[in-house]
1. So how many residues does the range 43-100 have that are charged (D, E, K, R) and in contact (Cβ under 8 Å) with a residue 12 or more places away in the chain?
2. When MET1 is evaluated against the numbered criteria (1) surrounded by fewer than 12 Cβ atoms within 10 Å (Cβ to Cβ); (2) under 23 Å from ASN114 (Cα atoms), which criterion, by number, is the only one it fails?
3. Could you list, in sequence order, all residues of the range 14-45 that are among the acidic types (Asp, Glu) and either in contact with a Cys (Cβ under 8 Å, 6 or more places away or on another chain) or at pLDDT below 90 (or both)?
4. Name the single residue that is nearest to ASN114 (Cα to Cα) among those in the range 72-98 being modelled with pLDDT of 85 or more and of a type in the set (Ser, Thr, Tyr).
5. Taking the range 63-119 as the region of interest, how many residues are of a type in the set (Lys, Arg) and surrounded by 11 or more Cβ atoms within 10 Å (Cβ to Cβ)?
Amino acid sequence: MLRISNGNLVLFDESKIPIWSTNIVNSTTSDSVKAVLQNDGNFVLKDGSNSLKILWHKFEHPTDTWLHGCKFGYNNIAKTSQRLISWKNSEDPSPGLYSRELDTSDRALKILWNRSKNY
C-alpha cells in the first residue's frame, strides 16, 4: 500500500510496516501534498498549496529503469551519487552485478561490474 505520510510517499508491506519512503524533509508549510504522474513519466510529490513547488521526484532517484529526462548527479548534502543497478536476471529484480554511476573523482559516468571494476 502507498500512502503520503508527513509529506513523504511511504510504501507499506501487507503487515502495514513501512518498507520504503522518499525520506524527504518536509519543507512545506501546507498539510497537503499531491502525488502526480507527469506526461514524461516522472512521478512527483508537490506541495498541495503551491503546485509549482516540487518536494521530491523520481527522476532524481533512478533504480533499475532509466527514463528520458533522468539525470545522474551527486548529492553534496547526503554525500551520495545516483546509481542505476541492473536486475540479477530477467525474473529476479534483486540487485545484479552491473551498475551505472557517477565517478565523483572525475565526474564521469561509468559502468561498473560488481560495484568495483570498470566494465
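1. Matching residues across the range 43-100 total 9.
2. (2)
3. Matches in the range 14-45: ASP31, ASP40.
4. Going through the qualifying residues, I end up with TYR98.
5. Looking only at that region, the number is 6.
The values are calculated or read from the model by the stated rules, or taken from the named source; none is laboratory data. Remember, it's a predicted structure, so these values are computed and weren't measured experimentally. When we count neighbours, we look across all protein chains shown, and the Cβ atoms used for this are built from the backbone with ideal geometry, even at glycine.
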